[in-house]
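Since the structure comes first, as structure tokens, the remarks are kept for the end.
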Amino acid sequence: MDHRDGRDTRWQEHRVERRRALVDSALRAIRTHGSAVTVEEIAVAAGTSKTVLYRYFGDRAGLYLAVADKVASNILTQVRPTFTTLRSGGVEGMVRGLAQAYVGLVDRDPEIYLFVMNRPPGIPAGAGDPATGIADRIAIELTEAVREVQQDRGTTSGIIEPLAFGIVGFIRAATGQWLSAGARATTPPDELVELITVAFTPIVTAAVDGVTPTPLIPA
């Protein structure tokens, strides 16, 4: 038996756990110091040094990507249950739930959201845009949820995928503007959720039913 295999496995598990703990420390530092947090401030929050952070993440860009991945997982964890309401609570419940989950996360953790949305220089070209990646993953799962309901109803519509990406893109853009332009100070999150719900419920309902939605402006 090669004992090195066991040691390698334990070391890998330790490394994964250590990275997870360092990402959690980074999130705490962002909440404390804001989205412009420095690597030094993150190191202090983690009780370690910049050298150790770079050992686990390579550089600031690597640390950013790890934080963005954690945030993406958190957002998806909050958003996924809303897709099940499409069966039980109908389209309006699903659209409202999706908006509440996304807007609510941003409202509770604005600095972390701004940190992820502001991609730093030095990200490898093949890494993609984490902010766009989060939105795309939500849109793909929304598309799948709507298609499952269509199958149950025996309806079809070719606009489901572009519609899902459009809804999520709108939520992302509207929420980003609401946060960065200072509207959050005067406009409660419930008003933004209501705007999204009213705007998209009729369109998604028509798509689920396999019919062409009524134009907002008559021809």
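The values are calculated or read from the model by the stated rules, or taken from the named source; none is laboratory data. Keep in mind that this is a model prediction, so the values were computed, not measured. The accessibility values were calculated without ligands, DNA or RNA, using every heavy atom of the protein model including side chains. Shrake-Rupley method; radii C 1.70, N 1.55, O 1.52, S 1.80 Å.
Miscellaneous remarks
- Mean Cα-pair separation over length for the chain, i.e. relative contact order, pairs under 8 Å, 6 or more apart, %: 20
- Tail fraction, Cα-Cα pairs, the stretch 162-206, threshold 18 Å, whole percent: 29
- The stretch 6-84 has equivalent-ellipsoid semi-axes of 23, 20, 10 Å, by the square roots of 5 times the alpha carbon gyration tensor eigenvalues, sorted largest first.
- Each semi-axis of the equivalent ellipsoid for the stretch 109-168 is √(5λ) with λ an eigenvalue of the Cα gyration tensor; in descending order they amount to 32, 13, 8 Å.
- Highest-MSF residue in the chain out of Ser88, Ser49, Ser35 [GNM, Cα springs under 10 Å]: Ser88
- On a per residue basis, the stretch 64-171 carries 45 Å² of accessible surface, using protein heavy atoms and a 1.4 Å probe.
- Note on the stretch 45-112 and the stretch 187-202: Cα centroid distance 21 Å, given to the nearest whole angstrom.
- Degrees separating the helix 3-33 axis from the principal Cα axis of the chain, which is the longest one: 70
- Intensity falloff of the stretch 137-219 expressed as log10 I(q)/I(0), Debye formula with alpha-carbon point scatterers, at q = 0.18, 0.20 Å⁻¹: -0.82, -0.94
- Relative to the longest principal axis of the Cα atoms of the chain, the long axis of helix 60-88 lies at roughly 30 degrees.
- Top of Pro110, Pro121, Pro189 by mean-square fluctuation, Gaussian network on the chain, Cα under 10 Å: Pro121
- Taking the C-alpha atoms of the stretch 73-219, convex hull volume expressed per residue in Å³: 136
- Helix content alone sets the calculated 222 nm mean residue ellipticity of the chain: runs of n ≥ 4 DSSP H residues at -39500 (n - 2.57) each, divided across all residues, give -26500 deg cm²/dmol.
- C-alpha long axis of helix 90-108 to longest principal axis of the chain, angle in °: 30
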